Amino acid sequence: MRHVPMLAALLLAPWLAVAGAQERMPAPVHRVASPDGSLEVSVTTDGEGRASYAVARRGLPLLAPSRLGMLFVDAPKLERHLAIEAPRYRSHDATWEQPWGERRYVRDSYNELVLTLAETAGPKRRFDVVFRVFDDGVGFRYAFPRQDALPTLRISEELTEFNVATPAIAWWIPAGEWNREEYLYHRTPVEEVGDAQTPITLRTGDGTHLVIHEAALVDYAGMNLTRVDGRRLKAQLTPGTDGAKVVRDAPMDTPWRTILVGDDASDLVESSLILNLNAPNALGDVSWVKPMKYVGIWWQLHLDRLTWATGPRHGATTARTRRMIDFAAGHGFGGVLVEGWNIGWDGDWFGNGQDFSFTRATPDFDLPALAAYARARGVMLVGHHETSGHAAHYESQLDDALDLYAQLGVGAVKTGYVADAGQAKVLGAGGRLRYAWHEGQAMVRHHQLVVDAAAARRITVNPHEPVKDTGLRRTYPNLLTREGARGMEYNAWGEPGNPPGHEATLAYTRLLAGPMDFTPGIFDMRTRGGGRMATTLAKQLALYVVIHSPLQMAADLPEHYEARPRAFQFIKDVPVDWSDTRGVAGEVGEYAVIARRDRAGDDWYVGGVGDGVARDVTVPLGFLDQGRRYIARIHRDGPRAGWRDDQHDLVIEDREVGADDALSLRIAPGGGFAIRLQPR
Ligand code: NOJ
Ligand code: CA
């Protein structure tokens, strides 16, 4: 351009000169603050018309200027020559009620800024960026209106950045690796993060905690993060099956990109930001959705004492299932999960999803009779659909499979997608079978199809090897829980099982996304090979409070529960549905203390879990009603307790307490505590 006379430049490319003139003027900065004024988002464009946003808290930068934009497979990228038009401001403050969950009433209070970004050059495309600033974080999304210049988006990458402003420690699991979401968390400086999944949790030097995640992942690809340089993280969408990572017709909205902020780890536990950014209940009357505890023919399979496959050790027999139904009915459990009930498990089921039938039971499992027997005893069979990741095969039987369950009164289904990452199977363009990532757009659509088909029949869903939780339970309350992290099964397999600090990490990472079917409650803490699980008995009880899941398993064998009736009583009593949740104390990966109030009454429950070292913790009881006295039944590690020492040394004791008291409790290595507080 330097050697081209100005007139020629204007004739050759008039928009270049015009755009250049506009972009030399300093662009205005648009700002929006949270209702309490503590958080502020600012948005502007640079000299080349590239848009960025920044986030500050109490005047200090949290996210430095971070870019926005999109790459497409069939169109120029959307990043430069953008002008901000028409900022629109709006405030919202309302409270809504959850049908079930970690709290009953949810306050949704934010200030919103919507900016239109319009290209001043090139194809002249336009899109909105919507920012919602809450007291505890920020959500923003792209919204593409219908337009001739961009009728269909074929997105090859999102250019969204999260440029962490100050040094911080990060807790993260790798993205794009074969074992999907089932990794132990790394703890590194942000500068050492590689490709990471979300939620990723960060703690800055002054103790501020940030969590980057997403909300309302609908018909889009799951977002991972990749570190570009320094502390700059950038979106990296999960690959698609036929070129683009996302294909959508406009108008369309992306999921919300979320930045949760707290003064400490406990603050994070109390946030409802992810839920607030999801659409309200789309199912209408969901009184049929019932949170419950369940038992099942499951742990023996993971201990390799029984098999999913037919043969002499087949687990899912009629006789064994009847006994399990009797056990459930006798102890007040709502459901009985049975795995290996159907045709397809013989041989190498892992990766052979096409062999599964979701309507035909094995000859030794009388499905109609057992479903009827369970109903008669006030229990529900929990159906199991392991697909080995072959979503296309499952979809070919989905209606028949769910019709069968609906007819039999099987109102809950656990699905499974065991296949290495990138090895799920879906139908791609032209109906051809394609290998897919578990969190790609095709699998996101698949899970939506299952949730819709199940809801139409009043069936709840609990996917394992799922898409990460992004709060869709608000819109689809039949999507009760999911897996999506290393659960208890790793302890059955042993060597290496989950380390002692695993759950104290999950509480401030994965569990901030939503409920998890972790399957706690192991009383016989020996692994398949006879090794020790890194837990005490008290910790197994604590997990029922620390981990929120409206479907919560008592995973161990009936005989192990019957051998320890006093500890078992806590599992029988603990609710799965809460009216309130408080983060009481904790540090990521070290310990977590969480209190929850029973949705059906005035009792509070407190769970605390630690890591591999002994620790004294103080539990202030300020969440109790002022002026009321409570009996605290405390289940704690005894003096000899420790996961390498006496795993079963459990002390159960009562103390009278009130809101002004604080309990001092010792957590053994691998230990924890569980408390029930009942008003006197
Ligand atoms: C993995 C799941 O997490 C586990 O719960 C299930 O038993 C197996 N897959 C088999 O479906
Ligand atoms: Ca699993």
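The values are calculated or read from the model by the stated rules, or taken from the named source; none is laboratory data. This is a predicted model, so every value here is computed, not measured. For neighbour counting, all protein chains shown are included, and Cβ atoms are generated from backbone atoms with ideal geometry for every residue, glycine included.
Below are the figures for this structure:
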| read-out | value |
| --- | --- |
| Single residue of region 22-40 satisfying the filter (outside any strand (DSSP E or B) and hydrophobic (A, V, I, L, M, F, W, C)) that is modelled with the lowest pLDDT | 25 |
| Selected residue (criterion: nearest to ligand 2 (Cβ to nearest atom)) from residues of region 272-310 that are crowded, with 18+ Cβ neighbours inside 10 Å, part of a loop (DSSP other than H, G, I, E, B) and among the aromatic types (Phe, Trp, Tyr) | 298 |
| Test: residue in region 429-443 that is charged (D, E, K, R) and within 14 Å of ligand 1 (Cβ to nearest atom) | no |
| Considering residues of region 484-517 that are crowded, with 23+ Cβ neighbours inside 10 Å and of a type in the set (Asp, Glu) only, the residue farthest from ligand 2 (Cβ to nearest atom) | 503 |
| Strands (runs of 3 or more DSSP E) enclosed by region 423-514 - at least 1 residues per element that are under 30 Å from residue 397 (Cα atoms) and under 14 Å from the mean Cα position of the chain (by Cα) | 460-463 |
| Selection count where residues are away from ligand 1 (no atom under 16 Å from the Cβ) and either buried (at least 23 other Cβ atoms within 10 Å of the Cβ) or without any contact (Cβ under 8 Å) to a residue 60 or more places away in the chain (or both), scope region 461-475 | 5 |
| Count of region 213-223 residues which are out of contact with any helix residue (DSSP H, G or I) (no Cβ under 9 Å at 6 or more places or on another chain) and surrounded by fewer than 24 Cβ atoms within 10 Å (Cβ to Cβ) | 0 |
| Any hit, region 461-470, residues being in contact with an Asp or Glu (Cβ under 7 Å, 6 or more places away or on another chain), away from ligand 2 (no atom under 16 Å from the Cβ) and farther than 30 Å from residue 255 by Cβ | no |
| In region 634-662, the residues that are more than 31 Å from the chain's Cα centre (by Cα) and not in a loop (DSSP other than H, G, I, E, B) | 641, 646, 650, 651, 652, 653, 654, 655, 656, 657, 662 |
| Residue among 159, 150 that alone is within 19 Å of residue 228 (Cβ to Cβ) and not β-branched (Val, Ile, Thr) | 159 |
| Cβ pairs under 6 Å, 6+ apart, first in region 441-454 and closer than 13 Å to residue 391 by Cα, second in a helix (DSSP H, G or I) and among the aliphatic types (A, V, I, L, M) | 446/391 |
| Residue 211 being part of a strand (DSSP E or B) and of a type in the set (A, V, I, L, M) | yes |
| Answer from 580, 602, 625, 611 - the residue that is charged (D, E, K, R), part of a loop (DSSP other than H, G, I, E, B) and under 27 Å from the mean Cα position of the chain (by Cα) | 611 |
| Check on residue 413, in contact with a Ser or Thr (Cβ under 9 Å, 6 or more places away or on another chain), assigned to a strand (DSSP E or B) and within 15 Å of ligand 1 (Cβ to nearest atom) | yes |
| Qualifying strands (runs of 3 or more DSSP E) (wholly inside region 82-171; at least 1 residues being in contact with a helix residue (DSSP H, G or I) (Cβ under 8 Å, 6 or more places away or on another chain)) | 82-97, 105-119, 126-134, 137-144, 161-164 |
| One residue from 80, 107, 57, 50 being buried (at least 16 other Cβ atoms within 10 Å of the Cβ) and in contact with a Ser or Thr (Cβ under 8 Å, 6 or more places away or on another chain) | 57 |
| Selection count, region 381-401, where residues are more than 16 Å from ligand 1 (Cβ to nearest atom) and buried (at least 24 other Cβ atoms within 10 Å of the Cβ) | 0 |
| Residues of region 484-504 that turn out to be within 16 Å of ligand 1 (Cβ to nearest atom) and more than 19 Å from residue 300 (Cβ to Cβ), as a count | 5 |
| Which listed residue, of 228, 247, is part of a strand (DSSP E or B) and within 19 Å of residue 175 (Cβ to Cβ) | 228 |
| Test: residue 337 is within 14 Å of ligand 1 (Cβ to nearest atom), of a type outside the set (Ser, Thr, Tyr), in a helix (DSSP H, G or I) and surrounded by 17 or more Cβ atoms within 10 Å (Cβ to Cβ) | no |
| Exclusive hit being touching a Ser or Thr at 6+ places or on another chain (Cβ under 8 Å) and modelled with pLDDT of 95 or more, set 401, 406 | 401 |
| Options 481, 581, 536; residue that is within 16 Å of ligand 1 (Cβ to nearest atom) and touching a residue at least 60 places away in the same chain (Cβ under 8 Å) | 481 |
| Check on residue 175, of a type in the set (A, V, I, L, M, F, W, C), crowded, with 22+ Cβ neighbours inside 10 Å and over 28 Å from residue 270 (Cβ atoms) | no |
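Yes or no, residue by residue, for (1) surrounded by fewer than 14 Cβ atoms within 10 Å (Cβ to Cβ); (2) more than 22 Å from residue 106 (Cβ to Cβ):
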residue	(1), (2)
574	no, yes
584	no, no
595	no, no
618	yes, yes
627	yes, yes
636	no, yes
649	no, yes
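Residue-by-condition table, conditions (1) charged (D, E, K, R); (2) within 16 Å of ligand 1 (Cβ to nearest atom); (3) free of Cβ contacts under 8 Å to residues at least 12 places away in the same chain; (4) touching a strand residue (DSSP E or B) at 6+ places or on another chain (Cβ under 7 Å):
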site: 245; (1), (2), (3), (4): yes, no, no, yes
site: 255; (1), (2), (3), (4): no, no, no, yes
site: 263; (1), (2), (3), (4): yes, no, no, no
site: 275; (1), (2), (3), (4): no, no, no, yes
site: 290; (1), (2), (3), (4): yes, no, no, no
site: 298; (1), (2), (3), (4): no, yes, no, yes
site: 308; (1), (2), (3), (4): no, yes, no, no
